[in-house]
1. Within the stretch 228-255, which residues are within 16 Å of the ligand (Cβ to nearest atom), assigned to a loop (DSSP other than H, G, I, E, B) and either hydrophobic (A, V, I, L, M, F, W, C) or buried (at least 24 other Cβ atoms within 10 Å of the Cβ) (or both)?
2. Would you call residue 83 in contact with a strand residue (DSSP E or B) (Cβ under 8 Å, 6 or more places away or on another chain) and either among the hydrophobic types (A, V, I, L, M, F, W, C) or free of Cβ contacts under 8 Å to residues at least 40 places away in the same chain (or both)?
3. Suppose we keep only residues that are surrounded by 15 or more Cβ atoms within 10 Å (Cβ to Cβ) and closer than 18 Å to residue 57 by Cα within the stretch 22-35. Which one would you say is nearest to the ligand (Cβ to nearest atom)?
4. On the basis of being more than 14 Å from the ligand (Cβ to nearest atom), under 20 Å from the mean Cα position of the chain (by Cα), within 27 Å of residue 193 (Cα to Cα) and without any contact (Cβ under 8 Å) to a residue 40 or more places away in the chain, does residue 106 make the cut?
5. Confirm whether residue 119 is part of a loop (DSSP other than H, G, I, E, B), within 16 Å of the ligand (Cβ to nearest atom) and either under 25 Å from residue 144 (Cα atoms) or not polar (S, T, N, Q) (or both).
6. Go through the stretch 46-67 and report how many residues are hydroxyl-bearing (Ser, Thr, Tyr) and closer than 13 Å to residue 35 by Cα.
7. Could you say which residue among 42, 19 is closer than 24 Å to residue 235 by Cα and either at pLDDT below 95 or buried (at least 16 other Cβ atoms within 10 Å of the Cβ) (or both)?
Amino acid sequence: MDTVERLNKANYECLLFDMDDTLYPMSTGVNYACRKNIEEYMLQFLEIEASEVPRMCLELYKEYGTTMAGLKALGYEFDNDEFHAFVHGRLPYERLKPDPVLRNLLLSMPQRKIIFTNADKAHADQVLTRLGLDDCFEGIICFETLNPPFEPNSYEDEVYRCLSSEEPDYNLFFSESERKAEVIHAGNDDTLLPKSQILCKPSLEAMEAAIQIANVDPKKTIFFDDSIRNIASGKAAGLHTVIVGNSELVPGADLALTSIHNIKEALPEIWEEEEDHFEQVVQSTAVDTVIVLA
Ligand SMILES: [Mg+2]
């Protein structure tokens with residue numbers, strides 16, 4: 001790698017991290033327990049045929065980014081908060097232990113650091129606290145960030161009432177990205193699936209929304225995620241991409257890390273930026289000093 005390319009690569013301003021199975025390994029079993037809880041919810045509350053539940057749970061997760069988004073797309077109606085409380089409320093969080101190594105790595109990175117997860121805020125808070133990483137990030141972009149709860153007496157509702165005597169058209173309150181497409185393409189074939197009203201990774205709209213909310217330049221941002229689809233989508237949004245928990249590159253990934261703990265060996269540019277900056281400051285101070293003395 002020549003010097004120019006290295007300097008360009010070192011010009012990172014923000015690091016965007018997925019959380020589950022990225023900041024801790026899948027071997028903790030939290031992911032598996034979460035899937036089992038979702039299956040239980042589908043069985044108990046949505047009365048989906050038991051023999052169908054496991055396959056449906058997995059396929060909707062793959063197609064929509066979360067099983068919840070897929071269920072909504074299929075027309076199932078349920079309360080988002082109740083769903084999250086059920087599937088996350090009894091997870092074996094005690095299996096997540098403080099990770100001082102990762103904590104020190106994160107705290108030593110000079111860039112902005114932001115979590116971007118499809119999970120809800122309560123789960124994100126719980127996981128980050130258990131890992132001892134709750135003060136390592138500037139912010140969390142989570143389910144509620146991309147899918148703010150509809151408030152019946154919101155300002156928009158009041159405005160609508162002033163404009164019309166008819167029943168409110170709730171579609172007015174969906175974002176443009178949610179309204180503009182009614183279907184999504186499944187995989188690489190031309191099968192069309194209903195579009196979910198839930199905004200989440202790996203949709204390109206979700207990636208672009210996160211970039212806008214974080215107010216970052218994707219060309220100066222590295223996105224870390226364990227999901228192959230999320231990585232492909234992150235690359236399509238213009239981000240630098242690192243697949244985590246995988247020893248081989250996947251489509252759209254610039255780098256593969258078997259563990260987030262290997263980040264310093266694989267991406268020394270993250271730290272070099274600070275050292276380069278420090279050298280520049282020292283040099284300019286020295287010049288100023290010479291001028292003053294002259
Ligand atoms: Mg993940």
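The values are calculated or read from the model by the stated rules, or taken from the named source; none is laboratory data. Predicted model, so just to flag it, every value in this text is computed and none were measured. Please note: Cβ atoms are built from the backbone with ideal geometry, for glycine as well, and neighbour counts cover all protein chains shown.
1. Once the filter is applied, which keeps residues that are within 16 Å of the ligand (Cβ to nearest atom), assigned to a loop (DSSP other than H, G, I, E, B) and either hydrophobic (A, V, I, L, M, F, W, C) or buried (at least 24 other Cβ atoms within 10 Å of the Cβ) (or both), the stretch 228-255 yields 239, 250, 253.
2. The answer is no for residue 83.
3. 31
4. For residue 106, the condition - more than 14 Å from the ligand (Cβ to nearest atom), under 20 Å from the mean Cα position of the chain (by Cα), within 27 Å of residue 193 (Cα to Cα) and without any contact (Cβ under 8 Å) to a residue 40 or more places away in the chain - is not met.
5. Judged against the criteria, residue 119 is a match.
6. So the count comes out to 3.
7. 19
Yes or no, residue by residue, for (1) in a helix (DSSP H, G or I); (2) without any contact (Cβ under 8 Å) to a residue 24 or more places away in the chain; (3) small (Gly, Ala, Ser); (4) not assigned by TED's automatic domain parsing to the domain that holds residue 126:
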position: 54; (1), (2), (3), (4): yes, yes, no, yes
position: 58; (1), (2), (3), (4): yes, yes, no, yes
position: 63; (1), (2), (3), (4): yes, no, no, yes
position: 72; (1), (2), (3), (4): yes, no, no, yes
position: 75; (1), (2), (3), (4): no, no, yes, yes
position: 110; (1), (2), (3), (4): no, no, no, no
